[in-house]
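The values are calculated or read from the model by the stated rules, or taken from the named source; none is laboratory data. Keep in mind the model is a prediction, meaning the values are calculated, not measured. FYI the Cβ positions are ideal-geometry reconstructions off the backbone, even for glycines, and counts take in every protein chain you see.
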Amino acid sequence: MRIVFIVKQLANGGAEREAAAFANELVRMGEEVHMVCIADTKDEYPIDPRIHRHLLRGTSVTVPRLKGACNQFLMAALLKKIHGDVVLPFYVTFHLAVLLSGCRLIYAVRTNLDKELPNKSDSLRRKLICRFAKGIWIQTQEQRFLFPKKVQGKLFEVPNILDDRFLQIHRQTGKRILHFISVGRLQPQKNQRMLIEAFGQMVRRKGDTLATLTIYGQANKDFLWQEKELREQIGELGLKDRVFLRGWVKDIEKQYARSDAFVLSSDYEGCPNALMEAMAAGLPCVSTDCPTGPSMLIENGKNGLLVPVGDAEDMSHAMEYLMDHPEEANRLGRAARQKMQEWGSAREHAELLLENLRRICLK
């Protein structure tokens, strides 16, 4: 089977990492896999050398709308040349190009579409994609309710792959909870502003605490202002010696191993990779109960803590609870790790995906 993935780049994103993970497993299973990238970047996620790599050579046109149209036709031409059995765009811009190419489109849902595509034009585009897509890949049961009844028959669920290296992390347990970590791109969806405010509230209540918060992730070119605003917020709250923005790192598993607890502050998600990884590492986790994903992973009070979306006060109290109850915090971490040990292997998830793709091709 010839399977084509489309990604913006092979770095700095959960969707891109999942595309690489599934592509690697599928090619190991003997499938022909192609990866189309829009841009080359440094520190890319590793992909198997047997994967056919393509770089879209975009148009030199500078007028935005005309440039977009030209790139759609260039992508369609490339996809016709590859002639894949199915095409899975992890970069939403090129759904139209897949349809123009005549290839089977698989709509890969990587986030909460009601939040990501909120306006009328986006909603219309989504309806058209659903209408012409041969299959719709969702990550969680919650995402099923984002779609009308008439396309429910196209839906199939395949959860994210968890990299085994996160289950191999060895952390000291039974120690104090002082060093919090958060991982995610710097953009409004992740709501790091609320997280910093929550951490500041906790510090003010506890006074001379030695707690720190380290945020790993970087802003893409559309959200460069976000990092500037977060640094200003850190300064205004007097937290420069406690809150650190470290950017993107290649060895994030080492940072999980050195940390005491994990915090996710998102307003919405798909199936959050960073939360899965932190749970696999055995970190006690606090997450907003955002749509979708966290409630599939965390059972509140049993293997982590859930707080309302956007609620800095509740978030701050949850972080403080972990600090004040280290034994309970570490129990939550052990339970989180157990949850992810039962998640299933990369091979199992790739086989499930392949089974659904073959079924779609036989229709």
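The table below gives the values:
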{"read-out": "Total residues in region 261-294, condition in contact with a Phe, Trp or Tyr (Cβ under 7 Å, 6 or more places away or on another chain) and of a type outside the set (A, V, I, L, M, F, W, C)", "value": "2"}
{"read-out": "All positions within region 184-200 that are among the hydrophobic types (A, V, I, L, M, F, W, C) and either at pLDDT below 95 or not assigned by TED's automatic domain parsing to the domain that holds Arg258 (or both)", "value": "Leu186"}
{"read-out": "Region 284-309 residues that are under 13 Å from Thr140 (Cα atoms) and surrounded by 21 or more Cβ atoms within 10 Å (Cβ to Cβ), paired with ones that are modelled with pLDDT of 95 or more and among the basic types (Lys, Arg) (beta carbon under 9 Å, 6 or more apart)", "value": "Leu297/Lys339"}
{"read-out": "Selected residue (only one of Gly282, Gly238 is of a type in the set (Gly, Ala, Ser), part of a loop (DSSP other than H, G, I, E, B) and within 20 Å of the chain's Cα centre (by Cα))", "value": "Gly282"}
{"read-out": "Selection count, region 198-217, where residues are surrounded by fewer than 19 Cβ atoms within 10 Å (Cβ to Cβ) and either touching a Pro at 6+ places or on another chain (Cβ under 6 Å) or touching a residue at least 40 places away in the same chain (Cβ under 8 Å) (or both)", "value": "5"}
{"read-out": "Residues satisfying the stated conditions in region 332-344, i.e. in contact (Cβ under 8 Å) with a residue 60 or more places away in the chain and either assigned to a loop (DSSP other than H, G, I, E, B) or β-branched (Val, Ile, Thr) (or both)", "value": "Trp343, Gly344"}
{"read-out": "When residues of region 98-128 are limited to those that are of a type in the set (Ser, Thr, Tyr) and modelled with pLDDT under 90, the one surrounded by the most Cβ atoms within 10 Å (Cβ to Cβ)", "value": "Thr111"}
{"read-out": "Any chance Lys254 is without any contact (Cβ under 8 Å) to a residue 24 or more places away in the chain and farther than 20 Å from Arg17 by Cα", "value": "no"}
{"read-out": "Any hit, region 19-31, residues being at pLDDT 95 or above, assigned by TED's automatic domain parsing to the domain that holds Ile136, part of a loop (DSSP other than H, G, I, E, B) and surrounded by fewer than 16 Cβ atoms within 10 Å (Cβ to Cβ)", "value": "yes"}
{"read-out": "Test: residue in region 334-353 that is in contact with a strand residue (DSSP E or B) (Cβ under 7 Å, 6 or more places away or on another chain) and farther than 16 Å from Phe166 by Cβ", "value": "no"}
{"read-out": "Sole residue being touching a strand residue (DSSP E or B) at 6+ places or on another chain (Cβ under 9 Å), at pLDDT 85 or above and part of a helix (DSSP H, G or I), chosen from Val151, Val87", "value": "Val151"}
{"read-out": "Of all residues making up region 193-229, the number that are part of a helix (DSSP H, G or I) and over 19 Å from Val286 (Cβ atoms)", "value": "9"}
{"read-out": "Per-region count, region 32-54, residues surrounded by 15 or more Cβ atoms within 10 Å (Cβ to Cβ), in a loop (DSSP other than H, G, I, E, B) and in contact (Cβ under 8 Å) with a residue 40 or more places away in the chain", "value": "1"}
{"read-out": "Among (1) assigned to a helix (DSSP H, G or I); (2) touching a residue at least 60 places away in the same chain (Cβ under 8 Å); (3) under 25 Å from the mean Cα position of the chain (by Cα) - the single one Phe262 does not satisfy", "value": "(1)"}
{"read-out": "Test set (1) in a helix (DSSP H, G or I); (2) in contact with an Asp or Glu (Cβ under 6 Å, 6 or more places away or on another chain); (3) not β-branched (Val, Ile, Thr) - Asn160 fails condition number", "value": "(1)"}
{"read-out": "Only listed residue being farther than 18 Å from Arg337 by Cβ and outside the structural domain of Phe22 (by TED's automatic domain parsing), chosen from Lys228, Lys254, Lys302", "value": "Lys228"}
{"read-out": "The listed residue being in the same structural domain as Leu155 (by TED's automatic domain parsing), small (Gly, Ala, Ser) and modelled with pLDDT of 95 or more, out of Ala318, Ala335, Ala350", "value": "Ala350"}
{"read-out": "Top-ranked residue in region 131-168 [being surrounded by fewer than 20 Cβ atoms within 10 Å (Cβ to Cβ) and touching a Gly at 6+ places or on another chain (Cβ under 7 Å); ranked as farthest from Ile252 (Cα to Cα)]", "value": "Lys154"}
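Residues checked against (1) of a type outside the set (S, T, N, Q); (2) at pLDDT 95 or above; (3) not in a helix (DSSP H, G or I):
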position: Phe5; (1), (2), (3): yes, yes, yes
position: Ala15; (1), (2), (3): yes, no, no
position: Gly68; (1), (2), (3): yes, no, no
position: Asn71; (1), (2), (3): no, no, no
position: Leu74; (1), (2), (3): yes, no, no
position: Leu96; (1), (2), (3): yes, no, no
